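Notes follow the structure.
Derivation of every value follows stated rules applied to the coordinates shown; laboratory data play no part. No experiment lies behind these values; they were computed from the predicted model shown. Cβ sites come from the backbone with ideal geometry, for glycine too, and all protein chains shown count toward neighbours.
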Amino acid sequence: MSLRSCLLGSLLAMSVSFPAIADDTLTIYTSRKEEMIRPLLDDFTKKTGIKTQLLQDNSTDKLIARIESEGKDSPADVLMPADVITMQQAADKGLLKAIQSETLNKNIPAQLRDSEGRWYGLGKRARVIVYNKQKVKPEELSSYENLADPKWKGQLLVRSSSHPYNLALLCSMIEQYGAEKTENWAKALVANLARAPQGGDTDQIKAVAAGEASLALVNSYYYARLMNSPLPEEKEVAAKTGLFFPNQKPKTGELRGAHINISGAGVIASSDMSKEAQQFIEFLSQPEAQTFYAASNQEYPVNPAVAPSDTLKSFGTYKDEAVALGSLAKHAEEAVKIADRSGWK
C-alpha cells in the first residue's frame with residue numbers, strides 16, 4: 001500500500017470510518033455536506049471513469065490544518081470550502097495550485113475566481129436582510145449601512161462576527177470604505193442588536209418570525225431552505241418574514257450592490273492527480289452540474305448560462321457588489337480586530 005493510502009487511512013481513523021483508497025482515486029476535502037455533492041461525484045465517475053472519495057468536515061479551518069499537517073504527502077487532491085475567506089487563505093498559504101483553464105475562465109466570471117487561478121467559485125449566495133412582515137415594510141429598508149441607524153435599536157439580529165460570512169462582510173466594507181468607517185458602522189450595528197449573537201442564520205430568521213426582533217442579517221440560501229422545508233412550521237417561518245437585498249436603491253452610497261460570498265474549489269498543490277482534479281472542477285462549472293450544485297443548497301449558479309432555482313427566481317433580480325472576492329482575505333486580521341473593539345462577539 002502506498003504512503004498516500006496509508007496516510008489517509010491513519011488520519012481518517014481518528015475521526016470517521018473511511019475505506020482505504022487506491023492511488024487512482026481523486027480525494028476531495030470538503031466542508032459541503034455529502035448529500036449536496038454525492039450525485040455529482042457519481043456522475044463524474046460515470047462520465048470520466050475517475051473514482052472519487054470524500055473527506056467531509058463542517059470546518060474548513062480543520063481541513064486546511066489537516067492539509068498543512070500532512071504536508072507534501074497529503075492524499076488530498078481537491079479542496080472545496082464553503083466561503084471565500086478560507087479559500088483565499090488556503091491559496092495564500094501555498095496549499096492550492098494555480099491552474100489555467102479556458103473552460104473555467106469561460107464558465108466562471110472573473111469576480112468569482114482567483115486572479116492567479118488557484119480557486120474557482122461554484123455557488124454564490126448573497127448576504128441579505130430578513131424582516132418581520134408585521135413589523136417592517138420593505139420600503140423602510142435600504143442598505144447595510146442603514147442597519148446602523150438608531151431607529152433600529154433593539155430590533156436587529158445577527159450571528160457571531162467570527163463566522164466566515166460576517167467576517168467576509170466586514171472585509172468587504174474595509175475594502176470599500178476603509179477600517180475607520182467600517183469600525184464606526186460595526187459599533188453602531190452592535191448598539192442596535194436585540195440580543196447577543198447566538199446560533200446560526202436559520203436561528204436568526206426563526207427569531208424574527210417569532211417577533212423577538214424585526215430584522216436579521218443572513219445568507220440568502222438559509223431563507224430559501226425554509227421556504228422549501230418539508231416541515232410546516234419552517235414554511236410558516238418563511239411566510240411570516242420577507243427577504244430584502246441591500247444596497248440596491250439609486251441613492252448616494254446605496255447602489256453598490258449586495259455583498260456576496262461563494263463556495264468553490266481549488267487543486268491541492270501537492271496533488272499527484274492535478275490533471276484529474278482540474279477536470280473535476282471544470283465538470284462542476286458546466287451547466288448540467290451547475291444546475292444541481294446550486295439547487296442542492298439553494299445557491300445562485302456562478303455560470304451565467306444557468307438559471308437559478310424557481311425559489312431564487314421568486315426573490316427577483318439583484319445587483320452584486322463589484323468587489324473582487326480575492327481581495328477580501330487580506331483584511332481578515334483587521335476585520336477580527338474591528339469586531340473585537342466594537343463588541344461584536
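Applying a 10 Å radius around every beta-carbon, put 132-145, 159-172, 322-335 in order of their mean neighbour count, most first.
Details: 132-145: 15.5, 159-172: 21.9, 322-335: 18.5.
Peptide ranking by packing, descending: 159-172, 322-335, 132-145.
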Virtual spin-label span in nm between GLU35 and ASP92, 7 Å along Cα→Cβ:
3.5
Residue by residue, what Karplus-based ³J(HN,Hα) values in Hz, rounded to whole numbers, does segment 88-96 have, using 6.51, -1.76 and 1.60 with θ = phi - 60° and x for Gly and Pro?
5, 5, 4, 5, 5, 7, x, 7, 10
In the Gaussian network model of the chain, springs joining C-alpha atoms below 10 Å, which of SER59, SER314, SER296 carries the largest mean-square fluctuation?
SER314
Vicinal HN-Hα couplings computed from phi for segment 267-275 (Karplus, 6.51 cos²θ - 1.76 cosθ + 1.60; Hz; Gly/Pro x)
8, 5, 4, 8, 4, 9, 10, 5, 5
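Which order do the peptides 300-308, 228-236 come out in when sorted by mean C-beta neighbours inside 10 angstrom, highest first?
300-308, 228-236
Quick one: net charge of PRO164's neighbours, Cβ under 10 Å, K/R +1, D/E -1? Walk me through the numbers on the way to the answer.
Working: positive: none; negative: ASP61, ASP83.
Net charge around PRO164: -2.
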With x for Gly and Pro, the residue-by-residue ³J(HN,Hα) of segment 104-119, computed from phi through the Karplus equation 6.51 cos²θ - 1.76 cosθ + 1.60 at θ = phi - 60° and given in whole Hz, is 5, 5, 6, 8, 10, x, 4, 4, 9, 9, 5, 5, 9, x, 8, 8
Farthest toward the dipole's positive end in the chain, which of SER270, SER327, ASN132, given Cβ charges of +1 (Lys, Arg) and -1 (Asp, Glu) about the Cα centre?
ASN132
Between segment 322-341 and segment 41-70, what is the separation of their alpha carbon centroids in Å?
27
At R0 = 22 Å the Cβ-Cβ FRET efficiency linking LYS330 and SER69, nearest 0.05, sits at 0.35
